[in-house]
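The values are calculated or read from the model by the stated rules, or taken from the named source; none is laboratory data. Remember, it's a predicted structure, so these values are computed and weren't measured experimentally. Note: ideal-geometry Cβ built from the backbone for every residue, glycine included; neighbour counts use all protein chains shown. Accessible surface is based on the protein model in full, side chains and every heavy atom, while ligands, DNA and RNA are left aside. Shrake-Rupley method; radii C 1.70, N 1.55, O 1.52, S 1.80 Å.
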Amino acid sequence: MRFDEGPPRRHPPVGGDHSEIVQNCGSYSTPVADENAGHSLEHGAVWITHDPNLPAAQLATLKSLAAKSSYVLVTPRASLPAEVVASAWGLQLQLSSTNDPRLAAFVTKYANGPQTPEPGAACSGGTGTPDAP
């Protein structure tokens with residue numbers, strides 16, 4: 001079964017079968033595998049995906065969110081339903097800009113939040129090397 005297979009399908013996925021290897025949280029300049037990011041979501045990560053052509057100032061905002069929390073994963077992703085999509089296990093918020101105050105509120109509420117299937121589990125020790133802050 002593919003990660004997050006079956007209705008309702010979200011892009012990016014927000015739960016379901018996933019890899020045994022967690023994606024290390026942080027900010028990446030290249031896409032990551034859904035299956036690894038899914039394991040990070042299970043551990044309480046907020047996975048923020050963004051249009052690869054997001055303006056530099058907005059990208060800096062996302063990198064700042066990742067630098068402030070060990071439970072934030074930021075990656076580019078093509079063909080998103082919005083410029084910025086914040087996902088947590090079972091939840092998703094689509095935004096037209098990082099200036100939307102709901103983004104910071106989503107991260108605050110859901111990074112290692114109440115929806116986390118494995119609260120307190122690490123979002124590190126897995127695969128990937130985040131970009132330097």
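Annotations for the structure displayed:
- Within segment 117-133, the set of residues being out of contact with any helix residue (DSSP H, G or I) (no Cβ under 6 Å at 6 or more places or on another chain) and modelled with pLDDT of 95 or more comprises Ala121, Ala122, Ser124, Gly125, Gly126, Gly128, Thr129, Pro130, Asp131.
- If only residues of segment 86-133 that are assigned to a helix (DSSP H, G or I) and without any contact (Cβ under 8 Å) to a residue 24 or more places away in the chain are counted, the one that is surrounded by the fewest Cβ atoms within 10 Å (Cβ to Cβ) is Pro101.
- Against the numbered list (1) touching a residue at least 24 places away in the same chain (Cβ under 8 Å); (2) over 22 Å from Arg10 (Cβ atoms), Ala60 comes up short only at (1).
- Verdict on Glu83 being touching a helix residue (DSSP H, G or I) at 6+ places or on another chain (Cβ under 9 Å), open to solvent by 20 Å² or more (accessible area, probe 1.4 Å) and of a type outside the set (Val, Ile, Thr): yes
- Test: residue in segment 41-54 that is assigned to a helix (DSSP H, G or I) and either over 16 Å from Pro119 (Cα atoms) or in contact with an Asp or Glu (Cβ under 8 Å, 6 or more places away or on another chain) (or both): yes
- The requirement of being modelled with pLDDT of 95 or more, in contact with a strand residue (DSSP E or B) (Cβ under 8 Å, 6 or more places away or on another chain) and open to solvent by less than 40 Å² (accessible area, probe 1.4 Å) is satisfied by His39.
Residues are listed down the side, and each one gets a yes or a no for (1) surrounded by fewer than 21 Cβ atoms within 10 Å (Cβ to Cβ); (2) touching a residue at least 60 places away in the same chain (Cβ under 8 Å):
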position: Ile21; (1), (2): yes, yes
position: Thr30; (1), (2): yes, no
position: Glu35; (1), (2): yes, no
position: Ala45; (1), (2): no, yes
